[in-house]
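Asker: I'd like to ask you about the structure that follows.
The values are calculated or read from the model by the stated rules, or taken from the named source; none is laboratory data. These figures come from a predicted structure and were not determined experimentally. Cβ placement follows ideal geometry from the backbone for every residue including glycine, while neighbour counts extend to all protein chains displayed. These area figures cover heavy atoms from the full protein model, side chains too; ligands, DNA and RNA do not enter into them. Shrake-Rupley method; radii C 1.70, N 1.55, O 1.52, S 1.80 Å.
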Amino acid sequence: MPVPPFVTHLRSRVGHDLLWLPGVTAVVLDPADRVLLGRRADNDLWALVSGILEPGEEPAVGLRREIAEETGVEAEVLHLTSVTAGDEVVYPNGDRSQYLDLTFLCRYVSGEPHVADDESVAVGWFALDDLPPDLARTSRQRLDHTLRFRR
């Protein structure tokens with residue numbers, strides 16, 4: 001997974017100490033009410049599109065960027081559906097991070113989903129009643145929050 005340059009710069013100063021980082025997650029739904037998922041390259045789990053915001057980046061702008069970079073899909077960000085603090089993550093190199101996640105409901109606009117970077121090995125649409133069994137726990141939680149919000 002590519003590390004944003006600003007995180008690399010921070011790491012050069014703080015080493016492996018815990019970083020608190022802003023993240024965004026997209027629940028992109030198409031007109032058939034299917035959700036866009038990517039199979040992550042780092043853990044081989046299916047997950048919602050997500051990423052780290054750049055310093056000063058507006059959440060909706062950053063999320064649209066992440067969706068396009070990871071899947072080739074253009075989406076409209078509609079609503080903030082949840083704000084959650086994740087568990088601490090310890091990476092294989094010893095770096096420690098914790099993410100404040102902003103999850104948004106998004107509407108598909110255009111584009112054919114495809115693997116558009118090295119963060120995913122597959123991308124596709126899934127019916128809400130036929131999700132892959134190996135959907136990441138955090139994606140399941142964020143999807144559930146968003147579907148409750150939508151109701």
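Asker: So which residues in the stretch 23-69 are open to solvent by less than 60 Å² (accessible area, probe 1.4 Å), farther than 22 Å from V7 by Cα and part of a strand (DSSP E or B), if there are any at all?
Answerer: Those that are open to solvent by less than 60 Å² (accessible area, probe 1.4 Å), farther than 22 Å from V7 by Cα and part of a strand (DSSP E or B): V27, V28, L29, V35, L36, L37, G38, R39, W46, A47.
Asker: Among the numbered criteria (1) of a type outside the set (G, A, S); (2) out of contact with any Leu (no Cβ under 9 Å at 6 or more places or on another chain); (3) farther than 24 Å from R11 by Cβ; (4) in contact (Cβ under 8 Å) with a residue 24 or more places away in the chain, which one does D144 miss?
Answerer: With respect to (1) of a type outside the set (G, A, S); (2) out of contact with any Leu (no Cβ under 9 Å at 6 or more places or on another chain); (3) farther than 24 Å from R11 by Cβ; (4) in contact (Cβ under 8 Å) with a residue 24 or more places away in the chain, D144 is out only on (4).
Asker: Quick check on the stretch 75-94: of everything there that is part of a loop (DSSP other than H, G, I, E, B) and of a type in the set (D, E), which residue is most open to solvent (accessible area, probe 1.4 Å)?
Answerer: Once the filter is applied, the top-ranked residue is D87.
Asker: Which residues, taken from the stretch 137-148, are open to solvent by less than 30 Å² (accessible area, probe 1.4 Å) and either of a type in the set (S, T, N, Q) or touching a helix residue (DSSP H, G or I) at 6+ places or on another chain (Cβ under 9 Å) (or both)?
Answerer: Listed by number, the residues that qualify are S139, T146.
Asker: Okay, next question. Of D101, D17, which residue is touching a residue at least 24 places away in the same chain (Cβ under 8 Å) and in contact with a Ser or Thr (Cβ under 6 Å, 6 or more places away or on another chain)? Before you say what the answer is, go through the steps one by one.
Answerer: Details: D17 fails: in contact with a Ser or Thr (Cβ under 6 Å, 6 or more places away or on another chain).
It is D101.
Asker: Of all residues in the stretch 120-136 being modelled with pLDDT of 95 or more and outside any loop (DSSP other than H, G, I, E, B), which is surrounded by the fewest Cβ atoms within 10 Å (Cβ to Cβ)?
Answerer: My answer is A127.
Asker: Of (1) touching a residue at least 40 places away in the same chain (Cβ under 8 Å); (2) assigned to a loop (DSSP other than H, G, I, E, B); (3) over 21 Å from L135 (Cβ atoms), V3 satisfies all except one. Which?
Answerer: (1)
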